[in-house]
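FYI, it's all coordinate maths here, none of it is from the lab. Remember, it's a predicted structure, so these values are computed and weren't measured experimentally. Here Cβ is always computed from backbone atoms with ideal geometry, including for glycine, and neighbour counts include all displayed protein chains.
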Amino acid sequence: MNKNLKIAIYSGDIPSTTFIERLIVGLSGRNCHIFLFGFIKHKVSYNKSISVFAYKNTKFHKAIYLLKYSSLLFLFKNKKKRKLDNILKKKSKNLLLDKVKCYPVLWHKPDIFHVQWAKGIGDWVWVKEFGIKLVLSLRGAHINYSPIADQALANMYKEQFPKVDAFHAVSKAIGKEAGKYGASKDKVIVVYSGVPKRVETLIKPKQNSFFKIISIGRPHWVKGYSSALDSCKLLKEKGLEFQYTIVGGKEEIELAYQVHDLNLENEVILLDTLPYSKVQENIANSDLLLLPSVKEGIANVVLEAMSLNTLVLSTDCGGITEVIKDGKNGFIVPIRDPEAMANKIIMISDLQTTEKKEIREKALKTIVDNHSEQHMADGMLALYKNI
């Protein structure tokens, strides 16, 4: 094994999601060199142990980018270039774009190529032909429900998963789910997502005159917002003074219609997506984060809320019980059960201040013990070194 591993973290976009960016930064400076390939959305300043090889989404820039790496490979690695060209011709739907994506990877040749989204694994199995180890992250929708609704995707997973050298699972539950598509149990390593240590100013006492509930996430059926709104109707009937905010739900007509239909215009607020700092602020100022999902890996927003001193109520979805212990460091209800959800919210709102404080402290300890950025980076580096 090289002293300094060359690890490509690939999501396709630069910068990527908050949690993938945390992994990138967390790994940097740990006797490894991080390579980022793909389409650059906007310029990001990384430290010197992170190298970016990216193209802009214009025909001119892609052409220059392709010319550069075509020339380098032709002059110095022509045999390998011809081999890759033959591989791409057999499977490609857009040969020029595939060359734009793949040539830089062949030229820089990392030791490990870590694909972040399972749906893209078929594009990258070729790296194994050149001695590069292939790692795949198992995340959310790509594993939990997309292959159930898409037989072609399920078949692709069954074909490609056995070729992967190691799988990074964000929960035990999602690792088990991936086993249905050929992910070998002994290749699945659970590394929980990490959240940063919070600035103390974000962690403050709640001073709301009514019970503030918040949910964060795109308005997709899997997020269970329909059940949450049905629960809100019951809360209103039971006399609880509350406000429920769904961040990311503003443009969803089905949610707006349900709010109107249930006469919840004064209790429910549908907001547009917000910058990450504003999301943190909204969570920190809420009494309860509600995760009404039907299916999840481990929702990152749950970890965020626990680190921000906000109580969490989640449905029993995916790997959530690997984090939340009902009544200990948070609360759990069955999926698609508005009445159970409403009853639990009322119970939580009625807790004494000292009881809420104790649960929040246990939640924060859970994050510190199992979900710090350092834990995540250490776990991923161990996975890379193992293969």
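Relative to the current alpha-carbon distance between residue 87 and residue 70, full extension at 0.36 nm per residue lengthens the span by 4.6 nm.
Each stretch of four or more DSSP H residues adds -39500 (n - 2.57); spread over every residue of the chain, this sum gives -13000 deg cm²/dmol at 222 nm. Find which of 262, 346, 153 sits farthest along the positive direction of the dipole of the chain, computed with +1 on the beta-carbon of Lys and Arg, -1 on that of Asp and Glu, about the Cα centre. Of the candidates, 153 comes out farthest on the positive side. Its alpha carbons give the stretch 200-370 an Rg and a Dmax of 14.6, 44 Å.
Sorted fewest first by neighbouring Cβ atoms within 10 angstrom, 366, 310, 321, 354 come out as 354, 321, 366, 310.
Under a 10 Å cutoff between Cα atoms, tell me which one of 250, 83, 295 has the largest fluctuation in the Gaussian network model of the chain. Highest fluctuation among the options: 83. Remark: for residue pairs 91/172; 109/176; 238/356; 81/133; 43/90; 233/362, the C-alpha separation exceeds 27 Å in 91/172; 109/176; 43/90; 233/362. Applying both filters, DSSP loop and at most 14 other Cβ atoms within 10 Å, to the GluC sites (Glu not before Pro) of the stretch 247-279 gives 251, 265. Based on the Stokes-Einstein relation at 10 °C and a viscosity of 1.306 mPa s, and on the Kirkwood radius from alpha carbon pairs, the stretch 1-50 is assigned a translational diffusion coefficient of 142 µm²/s. Computed across the stretch 223-282, the Kirkwood hydrodynamic radius from all distinct Cα-Cα pairs reaches 12.0 Å. The magnitude of the dipole of the chain, with charges of +1 and -1 set on the Cβ of Lys/Arg and Asp/Glu and taken from the Cα centre, is near 2800 debye.
The Cα atoms of the chain define a convex hull whose projected area, averaged across directions, is 20.1 nm².
The share of alpha-carbon pairs in the stretch 239-313 lying farther apart than 20 Å comes to 36%. With 0.36 nm allotted per residue and the present C-alpha distance subtracted, the residue 151-residue 343 stretch has 65.2 nm of extension available. Per-residue Karplus couplings for the stretch 143-154, computed as 6.51 cos²θ - 1.76 cosθ + 1.60 with θ equal to phi - 60°, are listed in order as 10, 5, 9, 4, x, 5, 8, 10, 5, 5, 5, 4 Hz, Gly and Pro entered as x. Along its first, second and third principal axes, ordered by size, the stretch 282-357 spans 31, 26, 22 Å in Cα coordinates. Segment residue 370..residue 163, full-extension length gain: 71.5 nm, with 0.36 nm per residue of separation and the alpha-carbon distance subtracted. Note on the chain: with a GNM built from Cα contacts shorter than 10 Å, the maximum mean-square fluctuation among 161, 76, 35 falls on 76.
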